[in-house]
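Below is one structure, written out as structure tokens; comments come after it.
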Amino acid sequence: MAKQFLDPHDVPVIEGTEGWERMYPYYYQFSTDDKERNEYESGQLWYYDGLHYPEPHTPFDLIWDEAWYLALSQYNSRIFMVPPAKGIDHRIVNGHVYITPIGIADPKEIEARIPLFMKRAGYYYQNWDKIYDDWVEKTKELIAELEAVEFKNLPEMEDESVVFEHRGMGSGYDLCVQYDHLINMGFKVWQYHFEMLNLGYAAYVTFINTANQFFPDIPMATLTKMVSGIDVVMYRPDIELIKLAKMALELKLEGKLDAQTSFAALQQELGSSDAGKKWLAAFEAARYPWFWISTGTGWFHHDKSWNDDLDVPLANIKMHIESLQAGKDPSRPTEKLIAERDRIVDEYLDLFQNDDDKKAFAEALGIARKVFPYVENHLFYVEHWFHSVFWNKMRDLSRVLVDGGMIKDVEDIWYLNRADIKVLIDDMVRAWATGIVPAGRNKWPQEIEWRKGVMAKFREWTPPPALGVPPEVVTEPFSIVLWGVTTSVLKKWLTSLDTADGEISELHGSPGSSGVVQGKARVIRKVEDLALLQAGEILVAPTTSPSWAPAFTKIAGAVTDVGGPMCHAAIVCREYGLPTVVGTGNGTSVIKTGDMIKLDGDSGVVELLK
């Protein structure tokens, strides 16, 4: 078995992509001219962040990675002073992001940070509910500020109000300021995102460590059941769809919905009857904010929301109607999950012989449950609602750049990074003010065409799961519970380097949601293909999204490429009682649609039965 992965500095350049590095910030590159950084980089384990990014980044889409690179790290290192951990370092290789956690090795430094962490984190845990309420309000205010942003074409002549209201500013300056404001709001919402998230996951990890201290053999699947069955707003969009499905049946509109795949056509048809108008009014009321849920993870510009394509929620409502007509309840089995959760916890509490130990276990579990709503709810406010509005504002800006002759197509803007766009706007407004043609009107379209070719080659490249030197034992908690990177997983990745061409009959991941199930696989890579799912099939996907929930009533189980037992995909599947294995690494590559597979959501093993 190989002892280490490819050195990060030795990854070959894909032919035809030479010079790709200029598409991304220089601090994302593995060093070539700094000996100290070079040695540090070669000595670290860098794993591919497929949890968030199952595809390469176009230059602009890297913005959210830049945002959490800063936010997570500063909350760990400089604000809450997490004792054993600093931040998470990031690099980019052929458009794919690799990350490495930075630990603290000096016991004296760890000891010195403990009282600081206890004071600062303790304040948040003690005031968690109040701080969370404040967090929701300020995040909503930021989204309202984002929605108010407007981008307008530069006028041939400024309005008279600029003169007679003596504004003292012109449209060129306004455009520059609005772009900066938009980008700054994007980074600000990610500062909010991590205000409580690290502490939320720390509470999870503390609970897992406490439980393992008292019950060394307790399965991870049992621990995750102990924190399941808690209601959060992340499931509200699906609840709204179920309500609309039931209403359509009550108003006897199911036939009209079934006959249409286009919401626009359905809207026209229903608008001619009182029952139809009533249902359309309920549909419209549900849209804001709940239909801002993304059809993907929300991390990429092409992850459209339900509000961007109303045909998607219509298809989901029809799936719910189908379930209701078949006598099934499409709701989450929350009461069943709670009963199972409480039974398991009671059984373990009865095993304690010492009241202090029992109290410590119960307190750790209580804090883990308290933080649960934030750990899931922030997703809706940031990755779904904020991001969906943000992508649309960027398209508004792009239309101004197209009209200004700087780029050719609205969707071309994603091939420019945020710094490129700033320079491009500066060029355009100065040329507009001066009355000349912009210097970059030929440069940027040519550059964008070259970058499109580079991105096409990046998409054909399979990123290795890791680079660099693996540690003897993986102890970094977030790597284990979120990304599913454990000591045994690294060994399997290293073994696969020696058997890359061998036949694979078994995949190993993390236990995502309890249960054993066997059935035909259906590989799904995009939301549009969810309609292909047949009842009883096992969904195999890079990851899952809460917006896929209506499909969960049809399938028997799920397998994902990425994630650990506490990742969002695992949590969502558990809340729907769906046997799931997460973090198989290459499930969507190895498993084909139609393959017979058997998954064990307790052990994390997937067998290919063929």
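The values are calculated or read from the model by the stated rules, or taken from the named source; none is laboratory data. All figures in this text were calculated on a predicted structure; none of them were measured in a lab. A quick note on method: Cβ atoms are made from the backbone with ideal geometry, for glycine too, and the neighbour counts reach across all protein chains shown. The accessibility values were calculated without ligands, DNA or RNA, using every heavy atom of the protein model including side chains. Shrake-Rupley method; radii C 1.70, N 1.55, O 1.52, S 1.80 Å.
Things to note:
- Value of relative contact order over the chain, rounded to a whole percent, pairs C-alpha under 8 Å and six or more apart: 19
- Per residue, in Å², the accessible surface of region 410-468 once ligands and nucleic acids are set aside, probe 1.4 Å: 48
- Axial C-alpha extent at least 30 Å, average Kyte-Doolittle at least 0.0 - helices from the chain (DSSP): 171-214
- Hull volume in cubic angstrom per residue (convex hull over the Cα atoms of region 297-381): 126
- Compactness ratio for the chain: Cα radius of gyration over 2.2 N^0.38 Å (N = residue count) comes to 1.02.
- Shape class for region 128-190, computed from the alpha carbon gyration tensor (a ≥ b ≥ c): prolate, with a/c not under 1.5 and a/b above b/c.
- Remark: region 459-580 carries a charge dipole of roughly 360 debye about the Cα centre, counting +1 on each Lys and Arg Cβ and -1 on each Asp and Glu Cβ.
- Look at the dipole of the chain built from charges on Cβ: of ALA364, THR475, TYR201, the Cα furthest out on the positive end belongs to ALA364.
- Between LYS598 and LEU116, the FRET efficiency from the beta-carbon distance, with R0 = 60 Å, is close to 0.75.
- For the chain, a simple Cβ point-charge model (Lys and Arg +1, Asp and Glu -1, everything else neutral) yields a dipole of about 760 debye relative to the Cα centre.
- Shape category assigned to region 237-286 from the gyration tensor of Cα positions, a/c cut at 1.5: rounded
- Summed residue charge, Cβ within 14 Å of GLY255's Cβ, Lys/Arg positive, Asp/Glu negative: -2
- Multiplying the residue separation of LYS492 and GLN126 by 0.36 nm and removing their Cα-Cα distance gives an extension gain of 127.6 nm.
- Computed with a 1.4 Å probe over protein heavy atoms only, the accessible surface of region 73-127 comes to 49 Å² per residue.
- Ligands, DNA and RNA left out, the 1.4 Å accessible surface of the chain is 52% carbon and sulfur atoms.
- Ranking ASN354, VAL402, SER331 by Cα position along the charge dipole of region 322-408, where only Lys, Arg, Asp and Glu carry charges on their C-beta atoms, puts VAL402 farthest toward the positive end.
- Bins of 10 Å, starting at 0 and running to the largest distance - Cα pair percent for region 226-360: 11, 32, 26, 14, 10, 6, 2
- Mean projection area, nm², convex hull over Cα of region 487-566: 6.4
- Residue-count net charge about PHE300 - beta-carbon cut-off 12 Å; Lys, Arg +1, Asp, Glu -1: -3
- DSSP-assigned coil residues among GluC sites (Glu not before Pro) in region 120-201, each with at most 11 further Cβ atoms within 10 Å: GLU150, GLU156, GLU160, GLU165
- Total formal charge among the other residues, if their Cβ is under 14 angstrom from that of ALA339, Lys/Arg +1 and Asp/Glu -1: 0
- Largest-first principal axis extents, alpha carbons of region 1-87, Å: 45, 35, 29
- With coordinates expressed along the principal axes, the C-alpha atoms belonging to region 280-341 extend over 39, 28, 19 Å, beginning with the largest.
- The H on the amide N of VAL517, modeled in the peptide plane, is under 5 Å from the matching H of LEU599, GLY601, each at least 5 residues off or on a different chain.
- Filter on LYS140/LYS422; LYS225/LYS554; LYS225/LYS256; LYS130/LYS393 - keep pairs with C-alpha separation over 29 Å: LYS225/LYS256; LYS130/LYS393
- Size estimate for region 249-314 follows the Kirkwood approach: the inverse of mean 1/r over distinct Cα pairs works out to 12.8 Å.
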